Structures are given as C-alpha cells and as structure tokens.
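The values are calculated or read from the model by the stated rules, or taken from the named source; none is laboratory data. None of the values given here were measured: they were computed from a predicted structure. Cβ coordinates were reconstructed from backbone atoms using ideal geometry, including for glycine residues, and neighbour counts include every protein chain displayed.
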C-alpha cells in the first residue's frame, strides 16, 4: 500500500475504546496486496482507554480525527468521509480485519462494474473462522437474514463493518442519518441506494474477519442465546421501524407497518410478563415506540424526499426480501429467551441480526 496525497481509496475507521482491536485492524489495512494509493482515517469518539495515544505512537501515518464528546457511529463516519479525498470509501469497523487481498478485490470489481455500487466481501467470525454472511437479505420487518450463497451477488444490505462505496455515491445519498446514532445505518444506506437504482452487491472472494458485537456490545450468539443489550435493542428497533416508514412502497407499508407494531407490542408485553421484569418493556419497547413517534415529522419529510427519486418498482424492491420472519426462525432455533442481570445484559433469541 502507498500512503499518498492523492489516494484512490480512503479507509475510514470509527473507533471508540477499541485499543485492544484497532491494532490488528490497522495492520490488515497497511499490509494489503497491490500498489494502491490509500489514506487511512480514524475518528476517535472520545475514547477513554488510551486509543488516541496508541494510534499516534504506533501508526503515525493515520489521519486521526479526535472528538471531544461521544457523537455516535453515524456522525463519526460522516465526519471522516467529509474529510477524505479518495475516489472510493471503505468504511471499516475497528474490530474488523481485512484479508490480505481485500482492497485489491474491491477495487478491481468496482472498476469492472463501471457503475456506482455499494460493495462488500464475505464476513467471517474472527474466533471460529466460520462464514457469517455474504451480505444479507431482509425479512419484512428489516431483520437481516444472512446470505451464504456465493452465487447470489445482489443482496438487500451489506454490513457497515466493511462497506465500500464511491465517494460521489455517498454524497448523493447523503451519508448516514445522524438521528440513528448507530445500528441499521448500513441498512438505511443500502435501502436508499437500491431505491434510487444503484446495486448493492457482494463479491464472493477475499473477505474480512470480525469480532461480532465487540465494538457496540452484544449482537452475537453466546451459549446458544443471542447476546445484546437494552440500548442496542432500542436503537435497532427504532431505526428499523424508521427504515420501513421511509423506504417501503405505500402498498407494502400499509400492510407491514401495522402488523409489525402489533407484533412488536405483543412481544414486549409477553416478555415482560414471562420474566416479571417491567424494565424490558420500559427500556426497549415503550422507549422505541416513543422515539418513533417523536421522529414522525422527520420521517415524513425523509419519505417525501426519498420516494421522489425512486427508480425501482414493487417487484424489484421485494426481490431481496425473505418472507419468513427471521425472529420466528431464531425463536424456533433457540427457544425461550434468557435474561441476565437486570438492566445490564439481555440475552434474547428472538432479536434481530443487529
């Protein structure tokens, strides 16, 4: 890799208290195959673990953007892209490790396609080396359904842990929505791109390894249960409902949204009663419904802007939807949810992929 004043690729890494994982991540970037000019930008979101000193000492070529306050994943990435100069942007999690030929693979495919596209690579569990997904389809309620078919290139979304996008396309789409803070921002961007006629594709070569859930806490299977937190569930659910409200065609929205809100409310009441724990309802379900209601003006304005530029019809929109609800599949696979310490950790198998 060449660290160049005129980079082709800007690798943007959002970091928060990631000193234990940022080293391998950066090493994987700087050791990439090929003579490709790159720049590496790290936005540090007010870390308290010494991340800034570590990066400055061991990786002086990194362009570091420190934040005095914690602004969230979406704002951090928006800042980095705004300050970058590459033709292509690779958004990379601080807990992701690229395979040695990842950048070369992404660049060659992007150039061959000849059209603006969002791309990504196969995602592997860094501990077990098992394939996690090659992009994802989505169920009707915006739960990501892992795609493991290497012959399926067009998907509903790719993970923000390793998301490739041309700079001009990012600017056209407007980047991540700051209101999301974190979680489902990758689904938002992919939905918007597809709706406006730009492919969301995966490349079944090379790949990246990922510490699942390490950067935000939760989002992984532990002891045959899905580990997550109240805060993670709140952001995930409120952001997914927002995506439905903005992007779904009117006909589909009229069917799916009322059904989802009904099932979501019933799920929250049932879990709270089963576990005799009102904190579940208060910290996830009630909080989510209140947040979506408070966003209603923004959602209405966003929907008007987005739908005006729609370039695909209902059939193509639905082509990446897996109609079997993923939450139900998780429930049948793992049984009743288990709750850990109150208010600290929620292990819930009928949660979404996020």
Criterion first (at pLDDT 95 or above, more than 23 Å from residue 321 (Cα to Cα), in the same structural domain as residue 106 (by TED's automatic domain parsing) and part of a helix (DSSP H, G or I)) does residue 168 satisfy it?
yes
With respect to the numbered conditions (1) buried (at least 18 other Cβ atoms within 10 Å of the Cβ); (2) farther than 21 Å from residue 42 by Cβ, which one is the sole condition not fulfilled by residue 150?
(1)
Can you name the number of the only condition in (1) in contact with a strand residue (DSSP E or B) (Cβ under 7 Å, 6 or more places away or on another chain); (2) buried (at least 17 other Cβ atoms within 10 Å of the Cβ); (3) under 22 Å from residue 8 (Cβ atoms); (4) free of Cβ contacts under 8 Å to residues at least 40 places away in the same chain that residue 64 fails?
(2)
Please state which of the following conditions residue 85 fails to meet, knowing it meets all the rest: (1) touching a helix residue (DSSP H, G or I) at 6+ places or on another chain (Cβ under 8 Å); (2) surrounded by fewer than 23 Cβ atoms within 10 Å (Cβ to Cβ).
(1)
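Residue-by-condition table, conditions (1) in a helix (DSSP H, G or I); (2) under 26 Å from residue 305 (Cβ atoms):
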{"position": "237", "(1), (2)": "yes, yes"}
{"position": "256", "(1), (2)": "yes, yes"}
{"position": "268", "(1), (2)": "yes, no"}
{"position": "276", "(1), (2)": "no, no"}
{"position": "286", "(1), (2)": "yes, no"}
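Does the range 105-119 contain at least one residue that is assigned to a strand (DSSP E or B) and under 21 Å from residue 194 (Cβ atoms)?
Going through the range 105-119, the residues assigned to a strand (DSSP E or B) turn out to be 118-119.
Next, from what is left, pick out any that are under 21 Å from residue 194 (Cβ atoms): 118-119.
Taking every residue of the range 105-119 in turn, at least one turns out to be assigned to a strand (DSSP E or B) and under 21 Å from residue 194 (Cβ atoms).
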I need a count of the residues in the range 229-258 that are free of Cβ contacts under 8 Å to residues at least 12 places away in the same chain and over 23 Å from the mean Cα position of the chain (by Cα).
4
Test: residue in the range 92-106 that is assigned by TED's automatic domain parsing to the domain that holds residue 26, in contact with a strand residue (DSSP E or B) (Cβ under 7 Å, 6 or more places away or on another chain), surrounded by fewer than 21 Cβ atoms within 10 Å (Cβ to Cβ) and closer than 23 Å to residue 191 by Cα:
no
